[in-house]
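> Take this structure first; my questions come after.
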Amino acid sequence: MNKYELAVVVSAKLEDEERAGVMEKVKELITRFGGNVTDVDEWGKRRFAYEIQKMREGFYYFVHFESDSAVPGEVEQRIRIMDNVLRYLCVRQEA
């Protein structure tokens, strides 16, 4: 099992419940493909260095999980088409 960190930037236009729902979907994707979510770090609303889809700020989340090497690719495929996710990046953490 490898350790990964998934950074997700969610639209700031969403209400608290909607943002929580987006993050629940992300966690469900990870567990559906056999991953184990160990920690979710919420950084809150941050200002962007440049506009993304005519928005100047977004909510940042960092999801730490353990999984096989195939899981991040599957998760990224699904996150790519989620409407309220502006940016995402999944990286493997070195031991």
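The values are calculated or read from the model by the stated rules, or taken from the named source; none is laboratory data. Because the structure is a prediction, the values reported are computed rather than measured. Note that each Cβ is placed from the backbone with ideal geometry, even for glycine, and that neighbours are counted across all protein chains shown. Just the protein is used for accessible areas: all its heavy atoms, side chains included, with ligands, DNA and RNA removed. Shrake-Rupley method; radii C 1.70, N 1.55, O 1.52, S 1.80 Å.
> Here is a list of conditions, (1) touching a residue at least 12 places away in the same chain (Cβ under 8 Å); (2) closer than 15 Å to Met82 by Cβ, and Lys3 meets all of them except one; can you say which number that is?
(2)
> Consider the stretch 21-43. How many of its residues are in contact (Cβ under 8 Å) with a residue 24 or more places away in the chain and either farther than 16 Å from Gln77 by Cα or in contact with a strand residue (DSSP E or B) (Cβ under 9 Å, 6 or more places away or on another chain) (or both)?
13
> Can I ask one more? Exactly one of (1) open to solvent by less than 60 Å² (accessible area, probe 1.4 Å); (2) closer than 22 Å to Glu66 by Cα is unmet by Glu42. Its number?
For Glu42, the failing item is (1).
> How many residues does the stretch 45-77 hold that are under 16 Å from Val91 (Cα atoms), of a type outside the set (S, T, N, Q) and either part of a strand (DSSP E or B) or open to solvent by 80 Å² or more (accessible area, probe 1.4 Å) (or both)? I'd like the intermediate steps shown before the answer.
The initial filter retains those residues of the stretch 45-77 that are under 16 Å from Val91 (Cα atoms), namely 60-77.
Right, trim to of a type outside the set (S, T, N, Q) and you get 60-66, 68, 70-76.
Those left that are additionally either part of a strand (DSSP E or B) or open to solvent by 80 Å² or more (accessible area, probe 1.4 Å) (or both): 60-66, 68.
Residues meeting the conditions: 8.
> Now for a separate question. Gly34 - would you say it is surrounded by fewer than 16 Cβ atoms within 10 Å (Cβ to Cβ), at pLDDT below 95, not in a strand (DSSP E or B) and not aliphatic (A, V, I, L, M)?
yes
> Failed condition for Glu18, given (1) more than 20 Å from Val71 (Cα to Cα); (2) free of Cβ contacts under 8 Å to residues at least 40 places away in the same chain, with all others met?
Here Glu18 clears every test but (2).
> If you check Tyr4, Tyr88, which single one turns out to be open to solvent by 30 Å² or more (accessible area, probe 1.4 Å), aromatic (Phe, Trp, Tyr) and part of a strand (DSSP E or B)?
One residue alone meets the criteria, Tyr88.
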